[in-house]
Each structure stands twice: as C-alpha cells, then as structure tokens.
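Report on the following structure.
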Amino acid sequence: MNVLFSMFTYLIQVMLPFMGILIIGCCFKSLFSNLSFRHPLIALINKTTGEKIPIVYWENSIGRDKHCDIVVNSPTASRDHAVLYRRDEGWFISDTNSKGGVYLNGTPISEDEKVYIDDIIQIGGINYELRKSDVFYDESEKNSLKNSYNKFYAGGSLLILVSFFQAFCTVQMCFSGPSFNYEPLKIFGLLLGISWASFFVSKYIIRRSNFELETLGIFLSSIGIINSAGVDVKLTYTQIICLGIGIIFFEIILAFIKDPDISMKFRPYIAVIALILLAINLVFGKVKNGSQNWVMLGPFSFQPSEIVKVAFVFFGSSTIKGIQTTKNLTLFILFSVACMGALFLMNDFGTACIFFVTFILIAFMRSGSIRTVVLTCAAAVIGAGFILKFKPHIVTRFSAWRHVWEHINDAGGYQQTRVLAYSASGGLLGLGIGKGALKHVFAAPSDLVFGMLCEEWGVIMGILIVLTIAILGIYARSASIRSRSAFYSIASCCGAGMLVFQMMLNVFGVVDILPLTGVTLPFISLGGSSLISVWGILAFIKASDERTYAIKR
Amino acid sequence: MKNTRFRSIIIYIVVCFFFAGIGFFLFEFIANSRQWAFSPVNRHLSEGNMSGGKILDTNNIILAQTVDGKRVYNEKEDIRRAMLHIVGDGSVLIPTSVQSRYNSELFGYNPVIGFGAPHVFDINQNIKLTLDSEICAKVSKSFKNKKGAALAYNYLTGEVLCMVSLPTYDINNRPTFEESSNDKYEGVYINRAISSSFTPGSIFKIFTAAAGLDLIPDVEKRTFECKKVKIIDGEKVTCMSNHGKINLKDAMSKSCDIVFSDIAIELGREKMKAKMEEYGLNKPEYFDGMQVTSSSYDVMNASKADLGWSGIGQSKDKVSPLYMLKVMGAIANKGIYIEPFAVKSLFTDSSGEYSNNSKNSSKRMFSESTAESLKEMMRYTMKNQYKDSMFGGIQMCAKTGTAEVGEDKLPHGWMVGFSYDKTFPVAFSVVVENGDFGIKSAGPVAADMIKELHGAFKSGKYEKK
C-alpha cells in the first residue's frame, strides 16, 4: 500500500506543473482573445475637407500637436487643445486651457459639455461634426458588427480547473507525512469557499462579464497559501483571511475608481492618507528583520508601505484631461520623494527600489519624456553614491553578490546558497509539497519562496509562476491601450510594472542574479499586507480592461 | 490615448529584463544544478531523508552508506581519513571523488527529477571499488604526517588497489572553511594522486634512458664519463658524486646526473620533446573518464644546460603520481599499460550487480625492447642499490627520485616501481612532499605498501572476488 501511495502522490506532484500550464494558458488565451482589433466608436467629420476621422479611444486628445489622437491642422489651434471623451452617460468635450477656445454648436464652452450625434465642434476655426461610426461601413457590414463585442466568457470552467488543482495539492499534502493528515482538508475547504464565493458575487451580484484575472489571482494566491501550509498549517489561516480581505479590497477599488473623473478629485486625499500611514509607520513602527516597516495593531501586525504602493500608483495615474491641464509632475515628484525618503529611513531599500522604478514608469507614461527618465536615473545614481558614502555598511550587505558560495555560513550568502542548493535538489519536477528542507531556513515562505517553489513544486512550477506575473505585465499593456480612460491605462501598466519588478527583485535576489533585498514575491509570499496590496494592484489591471465596467444587458 | 499607447511600451522593457534574467537563471541551473545540489549546505545529503547507495571497497567493507536517512561513513577513523579523497565528503569540495562523480547513480539525482523520485523506483545504485581500504589506511600512516600521495595497481587488470592522498581529514569532523585554507590543511580537498603534478627528480631518468634506448644505437654498450661537475655553455650541471667511467645500467642504478643530462643534450630539444610526448607527457591525462592533471615536459626556451637538467627531472619537468603509475605498468607489461581504474562495478540492492566498470583498455607507451631494457635496469638498480631486503625479499624493480624544490625546503621524495614477479602483478608510485631523499621518505611508504599488498595477494584475499 505504501508503495502505491508514494507512486500515486508522485504522479499527482508531476502532474501539478502541467495542470498549472493548462490553467495559466487558458486564462491568458481568454484574456488576450478579447483584445482583438476594435471598430471605431464614433466618427468626426471635418466639415471643411470632408475627411472622416474614426474615434477609437474612450479618451482622445485634440490639438495641433502631431501626437494628438485628433490632429487639427490649424495655426490657431493649441498644441493640446481639447479632450473628447466618453463616459457611461455619453460623450463629452473639454477645453484644456486652449487659447482659441472650443465652440459647441457655435457657443464657446467653459466647462465639460456633453455632445450628441450631429453636434458641431469648432476647434481652431475648423468645424467637426460628430457622427455615428456607421459612416465607415456599408449597409451589409452593419449587421455583422452588432454582436462582435462583449462576447461573454463563462469564467466558471476555469475556476473548476483551479479547484481541481487545489484538490490535488491537498491530496498530496494529506499523504505527505507518515500518517494521513486532515489539516490540509480544512485549508482546501476555505480556499474553495473563498474562490467560489468571489466568483458568484462577481458574476451574479456585481454582474461582471469575465473572471479570468480573478481566477489567475486566486490560482497564484492559493499556491502561496498551500506552499506555506507545507511549512506550518497554522501560518495559513491568517493568509487565507488576508486573501479574502484582498479580494474585497480588489472589488472596493474597482468600485472606487469606476468614474475616473471622481478618482482624479480624490487623488490628493489618497496621497495625504498614504503620507500619514508612512508617518505613523516612522513614529510607531517596529523593527523586524532589519527594517522598521511594521506597525502593530493589537494582535495584528501589518506593513503600511505595502498599502502605500497601491496609493502610489493611484496618485500617479491620470486621465488625458488631467495630463493636458497639469503639465508638470511637481506634486507627484514631491510625493515620491517623501515616500522613498520614508522607506530609506525605515531601512527598507527593496521597497524603495520598487517605488523608484514605478516612479520612472509613471513619469514616463505621463510625460513621455525620455529626458525626465534619464535625469531621474542620473539623480538616483548620484543619490545612491551619497548614501553609500555616508552609510558604508550598506555596501557590506551586497558584498556577497555573485560570490555567495564564498559566504555559505555568513549573512551574505547563507540564504542564496540554500535556495540554489535546494532548487537543484528539487529538480524540474520537485520533491513534493512539504517535503523540502529549505522551509527550515529563516524567511523561507516569504523572501525565499521562489526557492521553496523550485524545491517542493519543481523548477517548472517556479518558472511558470514568475512567467505568469511577467505575462500579466504584457497583458496589462495590451488591455490598457483600449481602456475606458488613460487613468486606467497608466494605473494598469505601472501597477503591473511594479509587480513584475518586485517579482524580479525577489526571484533574482534569491538566486544571486541581483543583490538580495528581501522583498516579497507577489501573490506567493507569506505576508498578509503584501497579498492585500497585490490584489489592490490587480484591481488596476482589471479596470483597464474595457469590459470590466460594461453594463450587462 | 495614442501617446499613452506608445508610452506603455516601457513595460516591455521591464518584461525583457525579466526574460533575460530568467534565461540566465535557467542557463546557470542547467550548468550548475549538480554542483548546487551536492554543495555542503544541502541538508538532504548531510542529514536529510535522501537514501544513497553504498560505497564498498574490494573486500566489501562499507565505506559510505545511508542509515535512517543519514549518510554515515566507515566506523574506523583511519579508514575514513585514508579513503576521503576517493569516497568524497558528500559535498562538491572534492569533485574527483566517487560521491561527486557518481552522485546521479548513488543518490538517484538528476536535474530533471532532483532527489524527488519515490524510493520504489530503486534508482540508487551501490558502487564497489577496486581499492583495499585497510591497506590504504596503513599506507596513510606510513607517511608519518607528511604530505604526498601513494598509488598501487594491478598492472595486468588495471585495478587500483591503493590510492592515498595526504593531507586528509576525518569526514565526521570536517575542517571549517577557515581551517582548510591554513597551512595544516593546504590543498586538503585535492586528491594528489591524480590531481597534482610534482617535479620528478631522478625518476625522470627512466624517460631519458628510454629516449636514449630508442634513438641512440648501442647506448647500452657505450661508456660515459662523470666528473661530478660539467660546465655547458658556462652553466653548471652537477652530480652527487664523481662516478668516473660508467655505463648506462650503472648510471641508472647510481643515479648519475651527468650521464642522463649528456643523453638529453645529445638528443637535442626537438628529439627529446618528441619522444617525451610519445611517452604521454604534455598529453591530457584521464582517470575513470575524467580529465586530471597531466604531466609536462617543456624545453622550448631551455638553454643547453637546462636541457641537460630536464633529462634528470629538474628544470620545468612535472609528473603526476598517476602518470608514473601508468609508466611503471607499461615497463612491467612489455611497454603496454592497462588503464588504471578504481570503480569496479555498480549494482542495485534488488537486481544485483549489473554494470561492470572494468574497461581494461590498454595503450602502448614504450617499444617492447625498450621496456625490457628499462625493466632490467630497474631490477639491477633494486638489487644493487636498494637491496631486495627493503621489500622483505619480494623481487621488485624500482627507481627513486629526489626533486629539488628550492626555497630552503626539503626536496620531494619519489619512489616508483613494480613487481618483477608476474604472480604478484603490482606497480606503484609514491611521492612525499618535502620529504627528503626519495629512498628515505618515499622508500618506507612504498615498502610498507608493497609488503601489505604482497601479503594480501599471497593469502588469496583478492582471488575470491
């Protein structure tokens, strides 16, 4: 019997990565397939030339600048003259501090005005007529257009696959010890409950049209939870609760940013709250493992810096109107400097790095200025040089980088050498959940989780998971180019970029490709604040998908 | 939005960095996973639950095995110390050891399944060595705390019977990293028998004699003259004593430096180099399929006197104990040596012995007549110079060497040889680092080793297997 069981559990274990590939593949296939070419939403007709201009985006910049979505060839038009954008209520035109002004049906507008079909918009002396998009099609084509969008995908079948995956993991864990262990069954029950509850709420109460992104998130989070259950089952209950909170946080953010214009107004308050959180952290923070980034709330401890990540992306994002009316990044730069300064004071260099890269992403997305990026990087290099000069002990932290095998028993290379040795011990297919030895090393389920994945789940699984996060970055970009607002586009790209960079810092840090900084692996690492924060970022990616806020009829 | 669309490409840059990094990781994983898995930090091996195959010596004495998930080694400290370099310490520090070289077979490791295969697959194999661990332990003690290496093998079958490298340490009491880099443990992880080369001193005269026999007609009948010191182009070549008129055979037995430096100079750089390379110097050396330290002979930029010195094993000459063992095997065996090997067979617990490792591949090193002449010269040297009593009456052929290493250090002492008696087909090679004269330092080690092996042969200890 023993022989049969060990064969059986090994078979399951070997199957897991392939099942993972199937789940990830299906999720992304479904996500990407809905991003095919789009038809124009409406049309503008230049009354002077008769040119038909297709309007394909939800937010369109209008101006003399050749980078504008609608280029006005008139010397009296400003470079960034106006914005034509769509909201649930219809189309709006907004004058973004132009010199010549915008005229709607002959009258100058002072604030955002709603525009209707057949309205005439005058910009820089040129008249444009707003028309339905069918000016681009013959009669025969019109019928075929009607159902091309909003193909509803039943995400339930993917979630069934994920549930099976969770079940197989559970079976493997139950039989991993010398005797049958019931504890993993409880975890499985909780995971199943959270997965399906969030699915039904999303589909039948909030009435969203798709669930693939959430499925991905649940899949990754449950791998993290099951992995930490292999270390100690007790650790996982808080993590499961945090997954629940994370999913709720995800929905709250989605609801909160439903209207990008309102979100724009809230940005200053969010920034203030974020700064207050960091201030509280600095004053009341506790030092754990060298970084003072923990705040104790009774029996709970959490990391405010994780939540500030979400606020950072939120504050950095902007609609086209916002970009065109606020030309400089001064406020955002000040906010970023404050955040990074606070993190340096907390000795949390890894997170400071993440904020810095996200800052570059946001600054570039908003300004498009390569000069800004280069200058920022140069400033950072000089800054880093100063820090190293005045705090030389930081250098010693990185002295073992690329020489970890010469530091197998000191802090410089202790963790990395264990990660490498045990990853190799696991091989491509792994030793089985809970059977690893890396779990005995300090911070294994959080900072070193990639090594645990490689050892217990196999290198294939480890790479699959990090690959998923990287593809999430590609998806965020693909979805964001047709978002309902540039606000979502920027939030989504920069949020995803933040996740990918954080993942790189973590994974490449533990395998000695980059210096070890001790940041978490998104979704997978044990750590409640981190998990909640990641789900918050995921909400931005979700929001960038045009279908997210579609009203189901 | 067109702008946003264009600018969002920046995220691809981040993703590209990721792909570059993960590609690099995969490359490193493929290249180094074995090293990582067998690093000393891995608790799966040192105290984990990985079962590993046994390592046995030729008499089925267990040198290493896994008991209750722990790797344990032979219970006797002297055997553990003597066998360290061949058995290995379960880490990558001794890459030439059996536990490192055969880790896939012993521990069922490969980079695809890691250590993860269920035990029912029975993929752990046991390894049986050709070595006699008890004799190795005794020979180690003969070194009297000096560094060096000793090798002995059956020149008819290729089985290495004794292989010892010193310094060593007890695997149950490993030196820490700092300790192992200090003087006492210098080069402790190196198996000197195969992975080191030393200045040969007078044992190199065997090669010079071989070249002379091959290229100079009637060299054996020629009379040479030794006046203790010879000035060549203003540089000195010196001998231990004034041998006067002397023939090749006596020059070998009395180890006359002048004679052999004369032969080297007479042959000249090109011919010497060509001959030495024919004998295998400057050629890659292999042991059990792995490349090990090769022996070298370099006279490219040598002056005439240097060429003379090169003929008596000084100058830039370097030989490894393993290579000298092969040379002895070749001389004993009509110029053809049998490739030495230490792993006899691999077998699983359930299916028994299934893979025989003895390759028995052979290669000609000397012509038959040259080999016979060298053999007789070495027998003559043994009889007249060292006396048979040294080996307890066993008829041996041998040559000692004393290699000056300068810097106020004692010279390296060498003794190489083989049995004249075909019923005891053993060749040996011993080097003692900074041990003083070959006969004083390497001699007693060789004598102890040969006497022990002779006893074992005569008692029929190896015949059953």
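The values are calculated or read from the model by the stated rules, or taken from the named source; none is laboratory data. Worth saying up front: this structure is predicted, and the values here are computed from it rather than measured. With ideal geometry, Cβ positions are generated from the backbone for all residues, glycine too; neighbour counts draw on all protein chains shown.
Of all residues being within 11 Å of chain A (Cβ to nearest Cβ) and on the phi > 0 side of the Ramachandran plot in region B:84-118, which is surrounded by the fewest Cβ atoms within 10 Å (Cβ to Cβ)? Just the residue, please.
The extreme case among them is B:Gly108.
Against the definition (away from chain B (no Cβ under 14 Å) and in a strand (DSSP E or B)), how does A:Leu31 come out, yes or no? So that I can check it myself, show each step before the final result.
Values: away from chain B (no Cβ under 14 Å): yes; in a strand (DSSP E or B): no.
The answer is no for A:Leu31.
I'd like to check something: does region B:399-416 contain any residue that is more than 18 Å from B:Thr199 (Cα to Cα) and either of a type in the set (A, V, I, L, M) or touching a strand residue (DSSP E or B) at 6+ places or on another chain (Cβ under 6 Å) (or both)?
In the first step, residues of region B:399-416 are kept if they are more than 18 Å from B:Thr199 (Cα to Cα); the result is none.
Within region B:399-416, none of the residues are more than 18 Å from B:Thr199 (Cα to Cα) and either of a type in the set (A, V, I, L, M) or touching a strand residue (DSSP E or B) at 6+ places or on another chain (Cβ under 6 Å) (or both).
Quick check on region A:205-221. Is at least one of its residues over 23 Å from the mean Cα position of the chain (by Cα) and either among the hydroxyl-bearing types (Ser, Thr, Tyr) or crowded, with 23+ Cβ neighbours inside 10 Å (or both)? Outline the logic, then answer.
We begin by selecting, within region A:205-221, every residue over 23 Å from the mean Cα position of the chain (by Cα); these are A:205.
Cutting the leftovers down to either among the hydroxyl-bearing types (Ser, Thr, Tyr) or crowded, with 23+ Cβ neighbours inside 10 Å (or both) gives us none.
Looking through region A:205-221, none of the residues is over 23 Å from the mean Cα position of the chain (by Cα) and either among the hydroxyl-bearing types (Ser, Thr, Tyr) or crowded, with 23+ Cβ neighbours inside 10 Å (or both).
Looking at (1) polar (S, T, N, Q); (2) surrounded by fewer than 24 Cβ atoms within 10 Å (Cβ to Cβ); (3) assigned to a helix (DSSP H, G or I), which is the one condition that is false for A:Thr517?
Going through the list (1) polar (S, T, N, Q); (2) surrounded by fewer than 24 Cβ atoms within 10 Å (Cβ to Cβ); (3) assigned to a helix (DSSP H, G or I), A:Thr517 breaks only (3).
How many of the residues in region A:211-236 are without any contact (Cβ under 8 Å) to a residue 40 or more places away in the chain and over 22 Å from A:Ile469 (Cβ atoms)?
First, pick out the residues of region A:211-236 that are without any contact (Cβ under 8 Å) to a residue 40 or more places away in the chain: A:225, A:232, A:234.
Okay, now just the ones that are also over 22 Å from A:Ile469 (Cβ atoms), so A:232, A:234.
Selection size over region A:211-236: 2.
Has region A:287-297 got at least one residue that is of a type in the set (Lys, Arg) and either within 22 Å of A:Asn347 (Cα to Cα) or more than 14 Å from chain B (Cβ to nearest Cβ) (or both)?
There is at least one residue in region A:287-297 that is of a type in the set (Lys, Arg) and either within 22 Å of A:Asn347 (Cα to Cα) or more than 14 Å from chain B (Cβ to nearest Cβ) (or both).
Residue-by-condition table, conditions (1) touching a strand residue (DSSP E or B) at 6+ places or on another chain (Cβ under 9 Å); (2) closer than 24 Å to B:Ala398 by Cβ; (3) basic (Lys, Arg):
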site	(1), (2), (3)
B:Ile190	yes, no, no
B:Ser195	yes, no, no
B:Pro200	yes, yes, no
B:Leu215	no, no, no
B:Asp218	no, no, no
B:Phe224	yes, yes, no
B:Val229	yes, no, no
B:Lys236	yes, no, yes
B:Ile246	yes, yes, no
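Tell me, which residue of region A:318-377 that is among the hydroxyl-bearing types (Ser, Thr, Tyr) and away from chain B (no Cβ under 11 Å) is nearest to the chain's Cα centre (by Cα)?
Among them, the one singled out is A:Thr351.
Testing B:Ile22 on (1) aliphatic (A, V, I, L, M); (2) under 24 Å from B:Leu151 (Cβ atoms); (3) surrounded by 19 or more Cβ atoms within 10 Å (Cβ to Cβ), one condition comes back false. Which one is that?
Going through (1) aliphatic (A, V, I, L, M); (2) under 24 Å from B:Leu151 (Cβ atoms); (3) surrounded by 19 or more Cβ atoms within 10 Å (Cβ to Cβ) one by one, B:Ile22 breaks only (2).
What number of residues within region A:3-17 are surrounded by fewer than 20 Cβ atoms within 10 Å (Cβ to Cβ) and either under 13 Å from A:Cys174 (Cα atoms) or free of Cβ contacts under 8 Å to residues at least 24 places away in the same chain (or both)?
Residues flagged as surrounded by fewer than 20 Cβ atoms within 10 Å (Cβ to Cβ) and either under 13 Å from A:Cys174 (Cα atoms) or free of Cβ contacts under 8 Å to residues at least 24 places away in the same chain (or both) within region A:3-17 amount to 8.
Filter region B:20-39 for residues that are free of Cβ contacts under 8 Å to residues at least 40 places away in the same chain and more than 7 Å from every other protein chain (Cβ to nearest Cβ); which is farthest from A:His67 (Cα to Cα)? Spell out the reasoning first.
Keep residues of region B:20-39 that are free of Cβ contacts under 8 Å to residues at least 40 places away in the same chain, which gives B:20-28, B:31-32, B:36.
If we keep only those that are more than 7 Å from every other protein chain (Cβ to nearest Cβ) too, we end up with B:20, B:23, B:26-28, B:31-32.
Details: B:Ala20: 32, B:Gly23: 36, B:Leu26: 41, B:Phe27: 42, B:Glu28: 44, B:Ala31: 48, B:Asn32: 50 Å.
Looking at the filtered set, the residue picked out is B:Asn32.
In region A:409-463, which residues are in a helix (DSSP H, G or I), small (Gly, Ala, Ser) and farther than 18 Å from A:Ser222 by Cα?
First pass over region A:409-463, keeping only residues in a helix (DSSP H, G or I): A:414-426, A:438-440, A:449-457, A:459-463.
Imposing the further condition that a residue be small (Gly, Ala, Ser) reduces the set to A:421, A:423-426, A:451, A:462.
Of everything in region A:409-463, those that are in a helix (DSSP H, G or I), small (Gly, Ala, Ser) and farther than 18 Å from A:Ser222 by Cα turn out to be A:Ala421, A:Ser423, A:Ala424, A:Ser425, A:Gly426.
I need the full set of residues from region A:86-134 which are loosely packed, with under 13 Cβ neighbours inside 10 Å and of a type in the set (Val, Ile, Thr), in order please.
Selection gives A:Thr107, A:Ile117.
Here are some residues: B:Arg7, B:Arg71. Which one is at the interface with chain A (Cβ under 7 Å from one of its Cβ atoms), buried (at least 17 other Cβ atoms within 10 Å of the Cβ) and either under 22 Å from B:Gly114 (Cα atoms) or without any contact (Cβ under 8 Å) to a residue 60 or more places away in the chain (or both)?
Working: B:Arg71 fails: at the interface with chain A (Cβ under 7 Å from one of its Cβ atoms).
Exactly one residue qualifies, and that residue is B:Arg7.
Filter region A:395-418 down to the residues that are small (Gly, Ala, Ser), more than 10 Å from chain B (Cβ to nearest Cβ) and in contact with a helix residue (DSSP H, G or I) (Cβ under 9 Å, 6 or more places away or on another chain) and list them by number.
First, the residues of region A:395-418 that are small (Gly, Ala, Ser): A:399-400, A:411-413.
Going one step further and asking which of them are more than 10 Å from chain B (Cβ to nearest Cβ), we end up with A:399-400, A:411-412.
Result: A:Ala400, A:Ala411, A:Gly412.
Give the residues of region A:104-130 that are within 14 Å of A:Gly63 (Cα to Cα) and part of a strand (DSSP E or B), sorted by residue number. I'd like the intermediate steps shown before the answer.
Start the filter on region A:104-130 by keeping residues that are within 14 Å of A:Gly63 (Cα to Cα), which leaves A:121-128.
The answer is A:Ile121, A:Gln122, A:Ile123, A:Ile126, A:Asn127, A:Tyr128.
Scan region A:426-433 and give yes if some residue there is modelled with pLDDT of 95 or more, buried (at least 24 other Cβ atoms within 10 Å of the Cβ) and facing another protein chain (nearest Cβ under 10 Å), otherwise no. Please lay out each step first, then the result.
Taking region A:426-433 first, the residues modelled with pLDDT of 95 or more are none.
No: zero hits.
Strands (runs of 3 or more DSSP E) wholly in region A:41-81 with at least 2 residues that are over 17 Å from A:Gly124 (Cα atoms) and away from every other protein chain (no Cβ under 12 Å) - which ones? Break it down stepwise before answering.
On the way: elements: A:42-46, A:52-55, A:59-63.
Result: A:42-46, A:52-55.
Does B:Thr208 count as within 15 Å of the chain's Cα centre (by Cα), within 25 Å of B:Thr402 (Cβ to Cβ) and not charged (D, E, K, R)? Walk me through it before giving the result.
Details: within 15 Å of the chain's Cα centre (by Cα): no; within 25 Å of B:Thr402 (Cβ to Cβ): yes; not charged (D, E, K, R): yes.
No, not satisfied.
Please verify whether B:Lys363 is modelled with pLDDT of 90 or more, surrounded by fewer than 15 Cβ atoms within 10 Å (Cβ to Cβ) and assigned to a strand (DSSP E or B), treating the condition exactly as stated. Walk me through how you get there before you give the answer.
Working: modelled with pLDDT of 90 or more: yes; surrounded by fewer than 15 Cβ atoms within 10 Å (Cβ to Cβ): yes; assigned to a strand (DSSP E or B): yes.
Against the criterion (modelled with pLDDT of 90 or more, surrounded by fewer than 15 Cβ atoms within 10 Å (Cβ to Cβ) and assigned to a strand (DSSP E or B)), B:Lys363 qualifies.
Answer yes if at least one residue in region A:497-505 is within 11 Å of chain B (Cβ to nearest Cβ), part of a helix (DSSP H, G or I) and under 30 Å from A:Leu11 (Cα atoms), and no otherwise.
So in region A:497-505, the residues within 11 Å of chain B (Cβ to nearest Cβ) come out as A:497-505.
After this cut, where a residue has to be part of a helix (DSSP H, G or I) as well, the list is A:497-505.
Now narrow it down to the ones that are under 30 Å from A:Leu11 (Cα atoms): A:503.
So far as region A:497-505 goes, yes, one or more of its residues are within 11 Å of chain B (Cβ to nearest Cβ), part of a helix (DSSP H, G or I) and under 30 Å from A:Leu11 (Cα atoms).
Scan region A:368-379 and tell me whether some residue there is crowded, with 17+ Cβ neighbours inside 10 Å, touching a Gly at 6+ places or on another chain (Cβ under 6 Å) and either modelled with pLDDT of 85 or more or assigned to a helix (DSSP H, G or I) (or both).
Looking for residues that are crowded, with 17+ Cβ neighbours inside 10 Å, touching a Gly at 6+ places or on another chain (Cβ under 6 Å) and either modelled with pLDDT of 85 or more or assigned to a helix (DSSP H, G or I) (or both), one finds none in region A:368-379, hence no.
Mind checking whether some residue in region A:476-491 is assigned to a loop (DSSP other than H, G, I, E, B), of a type in the set (Lys, Arg), within 14 Å of chain B (Cβ to nearest Cβ) and crowded, with 24+ Cβ neighbours inside 10 Å? It would help to see each step written out before you state the result.
Filtering region A:476-491 for residues assigned to a loop (DSSP other than H, G, I, E, B) gives A:481-485.
This time we only want the ones that are of a type in the set (Lys, Arg), so: A:482, A:484.
If we keep only those that are within 14 Å of chain B (Cβ to nearest Cβ) too, we end up with A:482, A:484.
Then keep just the ones that are crowded, with 24+ Cβ neighbours inside 10 Å; that gives A:484.
Yes, that holds for at least one residue.
For every residue, the table says whether it meets (1) surrounded by 14 or more Cβ atoms within 10 Å (Cβ to Cβ); (2) modelled with pLDDT under 90.
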position: A:Thr396; (1), (2): no, yes
position: A:Val404; (1), (2): yes, yes
position: A:Leu420; (1), (2): yes, no
position: A:Ser423; (1), (2): yes, no
position: A:Gly436; (1), (2): yes, yes
position: A:Phe442; (1), (2): no, yes
position: A:Pro445; (1), (2): yes, no
position: A:Val449; (1), (2): yes, no
position: A:Cys454; (1), (2): yes, no
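Quick one: is B:Lys304 surrounded by fewer than 19 Cβ atoms within 10 Å (Cβ to Cβ) and either in contact with a strand residue (DSSP E or B) (Cβ under 7 Å, 6 or more places away or on another chain) or not charged (D, E, K, R) (or both)? It would help to see each step written out before you state the result.
Values: surrounded by fewer than 19 Cβ atoms within 10 Å (Cβ to Cβ): yes; either in contact with a strand residue (DSSP E or B) (Cβ under 7 Å, 6 or more places away or on another chain) or not charged (D, E, K, R) (or both): yes.
Against the criterion (surrounded by fewer than 19 Cβ atoms within 10 Å (Cβ to Cβ) and either in contact with a strand residue (DSSP E or B) (Cβ under 7 Å, 6 or more places away or on another chain) or not charged (D, E, K, R) (or both)), B:Lys304 qualifies.
Quickly run through region B:197-233 and pick out the residues that are surrounded by fewer than 18 Cβ atoms within 10 Å (Cβ to Cβ), touching a residue at least 12 places away in the same chain (Cβ under 8 Å) and at positive phi.
B:Lys228, B:Asp233
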